[in-house]
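For reference, the structure discussed in these notes is given below.
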Amino acid sequence: MEFLFELAKSFGSTLRDVVPIVLVLVVFQLLVLRQKLPRLKQIITGFALVVIGLSLFLVGLNDALFPIGETMAAQLTASNVATTEEQVRWMDYMVVYAFAAAIGFATTIAEPPLIAVALKAQSASGGAISAWGLRLAVATGVAIGVSLGCFRIVTGTPLQWYIMASYVIVMIQTVFASRTIMPLAYDSGGVTTSTVTVPVVAALGLGLASNVPGRSPLIDGFGLIAFASVFPIMTVLSYSLIISKLGKGKTPPAKGDH
Amino acid sequence: MTQVLKVLAGRILGAMRDLAPIIVVIAFFQIVVLQQPFPNLGDALIGLLCVVLGLALFIHGLESGLFPLGEAIAQAFTKKSSVVALLSFAFCLGFGATVAEPALIAIAAEAAEIVALAGHIENVESVREAYALNLRIVVALSVGTAVVIGVVRILKGWPIHVMIISGYVIVTVLTFFSAPEIIGIAYDSGGVTTSTITVPLLTALGVGLATSIKGRNPMVDGFGLIAFACLAPMIFILLYGMIA
């Protein structure tokens, strides 16, 4: 009974999230486009499935994944703390870095928007970019990013140094990257951090910042999402460089190249 | 009927494969590192079932509904060939998708709290709420504008790296003049504003436009809308933190 109530609540919030988008679509369809959309019935069914699927997905995450993930994040960050010592040794937090990398990787693989972009990239590139290759590259980036972000929280070093250094690396990589992969690489920064990753990673950051002596959750707890958004750009650019060097990557269709 | 069951079974298998890494990681750390039993294993299993089923339905709906919808709209706008209509649609889609986004509501409330604690605004509930609401509107406007810029780029075939790197330079410069409390929030905001439904729709729209406009390549020109939608909130939250 309680479960049904939760499901209805999740359905309601997903619906509320979708309403503005549907409104924009309907208004433009009726007032501006005024053309019959092909496969309209299939599209409406698909849209309904997306809303139902997402509600179920979120209820399940709230029931199964998030409580365990948050408890684990709290226990791991609290278990090996040198509580009263002024000197925080970053080496003491090795387990946290390992957990951050593993959970960052795993949640990214299950991230629905990333699956969507990967499927689209595979079809748009005519198969030159594989959906799984892209997802693994992005997940690796998130793993490195979240792990390094935890190191930053433990050491208390300023966030902007890391992010700006990452920007410089991205700029250098851009010089060598092929133009077909660049837009996809930039996009992959934004799609990684969504429904599954953000709650778990945010709990990890806040837990770490409240447990490490001398850190404030308000100032140091943020920033993990930023790490998880920048590093996938680097790993996707590297991934494209590797597949083109290996010669396995067939050149994507270059029609209309300019 | 068997056809439907076959498709559904395939989707569920795919969803299980997508979720396997999370289960492995959590089980490993729970059993090997923390050495604790699972709390409420029964509840967790039911939840897991929902996650698998939900992901399977979502992916199916994505391929049968959201992707064709994005493509159909892109084609309809190309046929109509009214740039004003297309750009106003792009703006409304970006604004509408962002303004009610739960992650943005959460981050705006946190930002108001931090700024109030730092003494930049009065620490009263009404002032904080006004600050958070304004921030949300600013971010939604910025995402709408970003999607418009992204669509113009597709139409014109401008190179994306010049634009994105200029964006990074702006973020870098603004960071130097920003209060440290707002920097973390601003950097994080880029990742959270694009939601699970907006991303597939924007991607299909971009690729659809690039496919139906002559002289554009789906890979070179079609992707990139998400990147713009992520960069704009960072710039606007930093600016907002300075002005407000």
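Data for the structure
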read-out: Test: residue in segment B:67-82 that is β-branched (Val, Ile, Thr) and either at pLDDT below 90 or more than 19 Å from A:GLU111 (Cβ to Cβ) (or both); value: yes
read-out: Of all residues making up segment A:170-182, the number that are more than 7 Å from every other protein chain (Cβ to nearest Cβ) and loosely packed, with under 15 Cβ neighbours inside 10 Å; value: 3
read-out: Candidates A:ILE163, A:ILE103 - the one that is under 19 Å from the mean Cα position of the chain (by Cα), over 16 Å from A:THR235 (Cα atoms) and part of a helix (DSSP H, G or I); value: A:ILE103
read-out: Residue in segment A:145-166 that is nearest to A:ALA116 (Cα to Cα), counting only those that are within 7 Å of chain B (Cβ to nearest Cβ) and surrounded by 19 or more Cβ atoms within 10 Å (Cβ to Cβ); value: A:ILE163
read-out: Residues satisfying the stated conditions in segment A:185-202, i.e. more than 7 Å from every other protein chain (Cβ to nearest Cβ) and buried (at least 21 other Cβ atoms within 10 Å of the Cβ); value: A:ALA185, A:SER188, A:THR192, A:VAL196, A:THR197, A:VAL200, A:VAL201, A:ALA202
read-out: Residue in segment B:106-122 that is in a helix (DSSP H, G or I) and under 26 Å from A:VAL26 (Cα atoms) present; value: no
read-out: Count of residues meeting criterion [surrounded by fewer than 23 Cβ atoms within 10 Å (Cβ to Cβ) and outside any helix (DSSP H, G or I)] in segment A:126-138; value: 4
read-out: Residues (more than 11 Å from chain B (Cβ to nearest Cβ) and at pLDDT below 85) located in segment A:214-253; value: A:GLY214, A:ARG215, A:ILE243, A:SER244, A:LYS245, A:LEU246, A:GLY247, A:LYS248, A:GLY249, A:LYS250
read-out: Any hit, segment B:34-54, residues being at the interface with chain A (Cβ under 9 Å from one of its Cβ atoms) and in contact (Cβ under 8 Å) with a residue 40 or more places away in the chain; value: yes
read-out: Of all residues in segment B:74-106 being within 18 Å of B:ARG216 (Cα to Cα) and buried (at least 19 other Cβ atoms within 10 Å of the Cβ), the one that is nearest to the other protein chains (Cβ to nearest Cβ); value: B:ALA76
read-out: Residue in segment A:15-34 that is more than 10 Å from every other protein chain (Cβ to nearest Cβ), out of contact with any Gly (no Cβ under 6 Å at 6 or more places or on another chain), farther than 30 Å from B:ILE23 by Cα and without any contact (Cβ under 8 Å) to a residue 12 or more places away in the chain present; value: yes
read-out: Residue within segment A:211-225 that is hydroxyl-bearing (Ser, Thr, Tyr) and touching a residue at least 24 places away in the same chain (Cβ under 8 Å) present; value: no
read-out: Matching helices (runs of 4 or more DSSP H) fully within segment B:131-238 where at least 2 residues are more than 21 Å from B:LEU87 (Cβ to Cβ) and more than 8 Å from chain A (Cβ to nearest Cβ); value: B:160-176, B:180-192
read-out: Unique residue being at pLDDT below 90, part of a helix (DSSP H, G or I), under 16 Å from the mean Cα position of the chain (by Cα) and within 30 Å of B:LEU55 (Cβ to Cβ) when the list is A:GLY189, A:GLY141, A:GLY149; value: A:GLY189
read-out: Boolean, B:GLU63 is on the phi < 0 side of the Ramachandran plot and assigned to a helix (DSSP H, G or I); value: yes
read-out: Residue in segment B:25-33 that is in contact (Cβ under 8 Å) with a residue 24 or more places away in the chain and not small (Gly, Ala, Ser) present; value: no
read-out: Failed condition for B:GLU71, given (1) surrounded by 14 or more Cβ atoms within 10 Å (Cβ to Cβ); (2) under 24 Å from A:THR71 (Cβ atoms); (3) more than 7 Å from chain A (Cβ to nearest Cβ); value: (2)
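The values are calculated or read from the model by the stated rules, or taken from the named source; none is laboratory data. Predicted, not measured: the structure shown is a model, and the values here were computed from it. With ideal geometry, Cβ positions are generated from the backbone for all residues, glycine too; neighbour counts draw on all protein chains shown.
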